[in-house]
There are 2 protein chains.
Amino acid sequence: MRNVIVTAIAVGIACNVNAKRQDQEPIKVIEPIVGLDQQKVELGKALWFEPRLSASNTISCNSCHNVATGGVDNLPSSIGHKWAIGPINSPTVLNSDLNFVQFWNGRAKDLQEQAAGPIENPLEMAFTHDLAIGTLQSIPQYRQWFESAYGSKSFTINEVTDAIATFEKTLRTPNAAFDQWLKGDDSALTKEQVEGYALFKQKGCTACHSGPLAGGQMYQKMGLVKTFNTDNPDIGRAAVTGKDFDKYVFKVPTLRNIELTYPYFHDGSVWDLQEAVEVMADIQLGQPLTKDESKKITAFLRSLTGEQPQVTLPHLPPSTHTTARPQI
Amino acid sequence: MRNVIVTAIAVGIACNVNAKRQDQEPIKVIEPIVGLDQQKVELGKALWFEPRLSASNTISCNSCHNVATGGVDNLPSSIGHKWAIGPINSPTVLNSDLNFVQFWNGRAKDLQEQAAGPIENPLEMAFTHDLAIGTLQSIPQYRQWFESAYGSKSFTINEVTDAIATFEKTLRTPNAAFDQWLKGDDSALTKEQVEGYALFKQKGCTACHSGPLAGGQMYQKMGLVKTFNTDNPDIGRAAVTGKDFDKYVFKVPTLRNIELTYPYFHDGSVWDLQEAVEVMADIQLGQPLTKDESKKITAFLRSLTGEQPQVTLPHLPPSTHTTARPQI
């Protein structure tokens, strides 16, 4: 009985620390998502791995946002149809529903809108929405799945992208060491990581990298204090707004699972995490870090790697004689 | 009590039918594999999905032998490094350990030997064994996994391909409707499928397509009775033996999961299963089929689709600063 009481008190204290710590810290815990429609999730998973959404029938969503590798392809920029090299680094799909907008330049308001893009991008899947729908409509199993999930065998790109977005929402990575620490477990971080996190706040990184994503909540200019030198011609948000003011302004990327999502920045030019930290402090905050400081911050960043999603490969239904053939 | 006895008698009869049917039929049941070393299986699965075994870091074993689509890529021939088009149709990985040799021309004696090929094929993964080993050695998690599975942190292409082959052995597809029928369940096949199977034997298809794979046990000339017209320049087994006699001789492919593994033949020229059946009967057996006959045989072939493997995506460990960068 005494043990029970002691435990109860200890839990009470931990919860109290938890509530206090979470309230006070700029980075918040990531929780798994609940309440999603499982039929949409399963359909969305099939579509996520569906190479027949691409002209060549070889490129799926997972090709560039690989769930086996932190939700990215670990390339400076992705390889698409006929080995086209994409214009910008592929952002991670992990926890991506928590971004305030989608794409580096924020041109999609949510995951559903985002999912429509790559299918018809000639440098990516190089298909069209009409052809993609035609392919799915030609396969009886898909017609049945869509009917079960959306109530009709007739469907459009809206249901396709809604299902994909619903699946993507499952790709949260909870229980990172940092989250355990946020919840009150002091032993979850090393001394170096705690010091790194203190530096991360002290240097001003949390001005942009805050919230559950440690990012993904605002736009910011790449090269705020000093120019960012790059060969990448992307002008950022200015391409959406047409305003000169928005040149080289990009969505602040998440730092969740950052040790897995190299190479870094919108041009994928930096492969080493500590180097990326040093570049950011220099050109965004105007305060160069010592090696010891950047090492500690990097150690903290590694505590943001969460439990990776358990995804069982779907079994995609076969094509029929009315399914369009791959364009190779 | 009476029910128990009746059930026991019924099971006894079914087992008896089962033993008799299996003994008498040329196609045998596929069973799941047991007794594999789970550490090798898990390591092999990571390597199976490992894009860093390719020069571009984008092509894995699963790219061309996709477990989500019957163990193939559903292309006439695969797309490799820099969009190179391969010379021959990718065979399925499903049940592939039961093939008597590997590759269409049998140039590898087993799965381990086969697995070494694509990594260094310039049209496929376009890497070298040395570079692949260097990449894996640069990643501490892989060194640990190899040590756990093979007893040493030092490893060569032999352990890499052994692990991949061990994973591949798990990719059996048991419990096809046809297997249930072979085991004595008369209701597992439709009347059309039973008639199709009878025709399949009667026309002589089982001369080549027998055993648990319904194939994969012998070589045969493509165009035994009549010439097979194709643009594909592959000369088959003659490339291995140097004998004119072996020109256009290929390993007889499995018919397991054949409805999923279109397009058909070594040149991937035929997309429709019924058409493939008709071509085979004509050029291999010299006996054209009526539409009714080929329809029934096709219906039987669809009964060879087994339970597809449940494969959860691995989480691949991140590269380090000593890992070679992708060659794009």
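The values are calculated or read from the model by the stated rules, or taken from the named source; none is laboratory data. Everything quoted here is computed from the prediction, not taken from an experiment. So basically every Cβ, Gly included, is an ideal-geometry build from the backbone, and we count neighbours across all protein chains shown. Just so you know, the surface numbers come from the protein's heavy atoms only, side chains and all, with ligands and any DNA or RNA stripped out. Shrake-Rupley method; radii C 1.70, N 1.55, O 1.52, S 1.80 Å.
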Out of the residues in the stretch A:71-91 meeting the condition of being open to solvent by less than 10 Å² (accessible area, probe 1.4 Å) and closer than 13 Å to B:Pro51 by Cα, tell me which one is nearest to the other protein chains (Cβ to nearest Cβ). A:Leu75
Considering only residues that are touching a residue at least 40 places away in the same chain (Cβ under 8 Å) and not small (Gly, Ala, Ser), which ones fall in the stretch A:137-149? A:Ile139, A:Pro140, A:Gln141, A:Tyr142, A:Trp145, A:Phe146
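Restricting to the stretch B:299-310, name every residue that is open to solvent by less than 20 Å² (accessible area, probe 1.4 Å) and either in contact with a His (Cβ under 6 Å, 6 or more places away or on another chain) or within 14 Å of chain A (Cβ to nearest Cβ) (or both). Let's see the steps before the verdict.
First, the residues of the stretch B:299-310 that are open to solvent by less than 20 Å² (accessible area, probe 1.4 Å): B:299-301, B:303-304, B:306, B:309.
Across the stretch B:299-310, the qualifying residues are B:Leu301, B:Leu304, B:Gly306, B:Pro309.
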Please go through the stretch B:311-328 and pick out each residue that is at the interface with another protein chain (Cβ under 7 Å from one of its Cβ atoms), among the β-branched types (Val, Ile, Thr) and surrounded by fewer than 19 Cβ atoms within 10 Å (Cβ to Cβ). B:Thr312, B:Ile328
Do you know which residues across the stretch A:42-65 are at the interface with chain B (Cβ under 10 Å from one of its Cβ atoms) and either part of a loop (DSSP other than H, G, I, E, B) or more than 11 Å from A:Phe167 (Cβ to Cβ) (or both)? A:Phe49, A:Glu50, A:Pro51, A:Arg52, A:Ser56, A:Asn57, A:Thr58, A:Ile59, A:Ser60, A:Ser63, A:Cys64
Are there any pairs with C-beta distances below 6 angstrom linking a residue in the stretch B:288-304 that is farther than 25 Å from B:Gln180 by Cβ to a residue that is outside any loop (DSSP other than H, G, I, E, B) and open to solvent by 10 Å² or more (accessible area, probe 1.4 Å), with the two at least 6 apart or on different chains, and if so which? B:Pro288/B:Asp282; B:Leu289/B:Glu278
Please work out if A:Leu75 is free of Cβ contacts under 8 Å to residues at least 60 places away in the same chain and within 27 Å of A:Phe178 (Cα to Cα). no
Need the failing condition index for B:Gln144 against (1) within 30 Å of B:Leu289 (Cα to Cα); (2) open to solvent by 60 Å² or more (accessible area, probe 1.4 Å), just the number. (1)
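Looking at the stretch A:92-105 only, could you name the residues that are part of a loop (DSSP other than H, G, I, E, B) and crowded, with 22+ Cβ neighbours inside 10 Å? Lay out the reasoning, then the answer.
Kept after step one, since they are part of a loop (DSSP other than H, G, I, E, B), are these residues of the stretch A:92-105: A:92-95, A:99-101, A:103-105.
A:Thr92, A:Val93, A:Leu94, A:Asn95, A:Asn99, A:Trp104, A:Asn105, listed by residue number.
Answer yes or no: is there a residue in the stretch B:280-288 that is more than 11 Å from chain A (Cβ to nearest Cβ), surrounded by fewer than 20 Cβ atoms within 10 Å (Cβ to Cβ) and among the hydrophobic types (A, V, I, L, M, F, W, C). Explain how you work it out, then say what you get.
Going through the stretch B:280-288, the residues more than 11 Å from chain A (Cβ to nearest Cβ) turn out to be B:280-288.
Checking the rest, the ones that are also surrounded by fewer than 20 Cβ atoms within 10 Å (Cβ to Cβ) come to B:282-283, B:285-288.
Within this subset, residues satisfying the condition of being among the hydrophobic types (A, V, I, L, M, F, W, C) are B:283, B:285.
Yes: the stretch B:280-288 contains one or more residues that are more than 11 Å from chain A (Cβ to nearest Cβ), surrounded by fewer than 20 Cβ atoms within 10 Å (Cβ to Cβ) and among the hydrophobic types (A, V, I, L, M, F, W, C).
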State the number of residues belonging to the stretch B:214-267 that are of a type in the set (Lys, Arg) and open to solvent by 50 Å² or more (accessible area, probe 1.4 Å). 4
Just to be sure, is B:Gln39 among the polar types (S, T, N, Q), away from every other protein chain (no Cβ under 12 Å), closer than 22 Å to B:Ile164 by Cα and open to solvent by 40 Å² or more (accessible area, probe 1.4 Å)? yes
Residue under question is A:Lys296, and the condition is that it be touching a helix residue (DSSP H, G or I) at 6+ places or on another chain (Cβ under 6 Å) and open to solvent by 20 Å² or more (accessible area, probe 1.4 Å); does it hold? yes
Lone unmet requirement of (1) surrounded by fewer than 22 Cβ atoms within 10 Å (Cβ to Cβ); (2) part of a loop (DSSP other than H, G, I, E, B) for A:Glu192: (2)
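Answer yes or no as to whether A:Thr254 is among the polar types (S, T, N, Q) and closer than 28 Å to A:Ala108 by Cα. Reasoning before the result, please.
Working: among the polar types (S, T, N, Q): yes; closer than 28 Å to A:Ala108 by Cα: yes.
Yes; evaluated as a whole, the condition is true for this residue.
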Could you please give the count of residues in the stretch A:191-233 that are of a type in the set (Ser, Thr, Tyr) and touching a Pro at 6+ places or on another chain (Cβ under 6 Å)? 2
Which one of these does A:Gln180 not meet: (1) under 17 Å from the mean Cα position of the chain (by Cα); (2) over 19 Å from A:Gln102 (Cβ atoms); (3) open to solvent by 20 Å² or more (accessible area, probe 1.4 Å); (4) more than 14 Å from chain B (Cβ to nearest Cβ)? (1)
Tally time: how many residues in the stretch A:106-159 are farther than 30 Å from A:Gly215 by Cα, of a type in the set (S, T, N, Q) and not in a loop (DSSP other than H, G, I, E, B)? 5
